[in-house]
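Step one of this worksheet: look at the structure below.
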Amino acid sequence: MSVTHAPESAVDVLRRQDPELAEILLGEADRQSTTLQLIAAENFSSPAVLAALGSRLANKYAEGYPGSRYHGGCEIVDLAERIAVERAKALFGAEHANVQAHSGSSAVLAAYAALLRPGDTVLALGLPYGGHLTHGSPANFSGRWFDFVGYGVDAETGLIDHDQVRTLARTHRPKAIVCGSIAYPRHIDYAYFREVADEVGAYLIADAAHPIGLVAGGAAPNPVPYADVVCATTHKVLRGPRGGMILCGADLAERVDRAVFPFTQGGAQMHTIAAKAVAFGEAATPAFTAYAHQVVANARVLAATLAAEGLVVTTGGTDTHLVTADPAPLGVDGRTARGRLAAAGMVLDCCALPHADARGLRFGTAAVTTQGMGEAEMVRIAVLFAGVLRGDVESQKAREEVRELAGGFPPYPG
Ligand SMILES: Cc1ncc(COP(=O)(O)O)c(C=O)c1O
């Protein structure tokens, strides 16, 4: 077993002091290197991002914002946050960026806090169609504190039902409209959502947690020119540390900042903010642009091959890193499929399907593309996949093939 994501000395220190935890870290590194990470929300951050995350910036308390902290000794971490903010603004063409949100959910909470009052009506993609927990789930603050109305997707095409969006907006006059999803594989028509929001006097919140990395690489439309507030994660296709980010115009900057701190969060996590700055720097390079386009090319081939193998691919394909599909024609439901695939070393999620009660499968190509896999590997994965689900390929044999495939594309070479 080898650990390639942290300086060896750090692992040695942990091994000496806490062998139990060291074994867990080593085991997870091994799992990530010998199985296929097809969870659409995951990726492999670069060694530079991981170095910032594991740095001594983690020791620093820094409530407030650069130049205006509640704690002393923030001169140096202030530089990191300023760089992160400037890089995010430049990358996405935003007038303002808040890089303190601890996660995608924290970013959405802060966006609501900035724009809404408890009890306000919000129109968002319904959870059965790919809305996130923060888009009105009764188990989440969003569903408890706001009055959510859900729009859906067309049962046949799987595409967002734009007419329904407009009709519901006219009927319910929401204070905000949310566009964004955990599983929608197509580009979102931000201009359309802007038009509807303007018609009914609503704020437009784009929850671009998934596509934001594609936006950075020029492989998906940018919501910034259209939405009042854009919420995002930094750890999916964007390939940064686990965390959130909010982009908005200068007019909402103060409201958004105060909604993050002091309203919904305390001290900023400076090591994560430094790691976000590193990731934004990486995302501004031509290499990342090529990566983002390859992520989409890979997802398209994966979708086409899954369809050729008999799975029903939602919307008939994808524009993004995400593919969702119903494995029912192969005689297996999503949950059973996920278990069988996991046993073969192919790790992915279940998801809701627009046309069926049963669960489907959600694939993402961000992590395997970071490993250097291309279209040929996507075909191989999809064929293996279908073979496992049909029962043509025995699980142990598939596990060996996955191990061999993953071994050829180490996430952290050397
Ligand atoms: C659309 C959307 N919003 C919000 C989130 C929440 O992000 P986090 O898990 O970082 O809280 C996700 C996570 O997958 C997401 O897909």
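The values are calculated or read from the model by the stated rules, or taken from the named source; none is laboratory data. These numbers come from a predicted model, not from an experiment. Here the Cβ positions follow ideal geometry from the backbone for every residue, glycine too, while neighbour counts run over all protein chains shown. Note: areas computed on protein heavy atoms with side chains; ligands, DNA, RNA excluded. Shrake-Rupley method; radii C 1.70, N 1.55, O 1.52, S 1.80 Å.
Data overview
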quantity	calculated
Cα centre as origin, Lys/Arg/Asp/Glu Cβ charges: the chain dipole, Debye	420 debye
Within a Gaussian network of the chain (alpha carbon springs, distance under 10 Å), most fluctuating of GLN269, GLN371, GLN17	GLN17
Distance in nm between pseudo-label sites at GLU156 and ALA90 (7 Å out along the Cβ direction from Cα)	4.9 nm
Average accessible surface area per residue within the range 85-131, 1.4 Å rolling probe, Å²	33 Å²
Percent of alpha-carbon pairs separated by more than 16 Å within the range 179-279	61 percent
Nonlocal amide H pairs with TYR151, under 5 Å, H built at 1.01 Å	ALA124, LEU125, GLY126
Dipole of the chain [Lys/Arg +1, Asp/Glu -1 at C-beta], most positive-end residue of ALA386, GLY360, LEU14	LEU14
Residue-wise HN-Hα coupling along the range 46-56, computed from phi with Karplus coefficients 6.51, -1.76, 1.60 (Hz; x: Gly, Pro)	6, x, 5, 5, 5, 5, 5, 5, x, 8, 6
Viscosity 1.567 mPa s, temperature 4 °C, Stokes-Einstein D of the range 286-407 from Kirkwood C-alpha radius, µm²/s	91 µm²/s
Top of CYS350, CYS179, CYS74 by mean-square fluctuation, Gaussian network on the chain, Cα under 10 Å	CYS74
Integer Hz, Karplus 6.51/-1.76/1.60 couplings in order for the range 270-286, x for Gly and Pro	5, 5, 5, 5, 4, 5, 4, 4, 4, 5, 5, x, 5, 5, 8, 8, x
Stokes-Einstein diffusion coefficient of the range 232-283, Kirkwood radius over Cα pairs, 10 °C, 1.306 mPa s, in µm²/s	133 µm²/s
Summed residue charge, Cβ within 10 Å of CYS74's Cβ, Lys/Arg positive, Asp/Glu negative	-2
Top of THR370, THR121, THR324 by mean-square fluctuation, Gaussian network on the chain, Cα under 10 Å	THR121
Inter-label distance, nm, simple model (7 Å from Cα along the C-beta direction), SER137/SER68	3.4 nm
Share, in percent, of DSSP beta bridges within the chain that are antiparallel, nearest 5	55 percent
Nearest-0.05 FRET efficiency for ASP147 and ALA250, computed from C-beta distance (R0 22 Å)	0.15
Lysines whose Cα lies under 22 Å from that of LYS276, excluding same-chain neighbours fewer than 8 positions away	LYS60, LYS89, LYS236
Share antiparallel - DSSP beta bridges, the range 51-283, percent rounded to 5	45 percent
Separation of the HIS187 and ALA356 label points, Cα + 7 Å toward Cβ, nm	2.9 nm
P(r) weight above 43 Å for the chain, C-alpha pairs, percent	11 percent
³J(HN,Hα), Karplus 6.51/-1.76/1.60, whole Hz, each residue of the range 63-80, x for Gly, Pro	6, x, 10, x, x, 8, 9, 7, 10, x, x, 9, 4, 7, 5, 4, 4, 5
For the chain, calculated [θ]222 nm from helices alone, where every DSSP H run of n ≥ 4 adds -39500 (n - 2.57)	-13500 deg cm²/dmol
Partner lysines for LYS175 [C-alpha distance under 20 Å; skip if fewer than 8 residues away on the same chain]	none
Interchain or long-range residues, amide H under 5 Å from VAL237's placed H	GLY213
Ranked packing of 59-65, 241-247, 18-24, 315-321, most packed first, by mean Cβ within 10 Å	241-247, 315-321, 59-65, 18-24
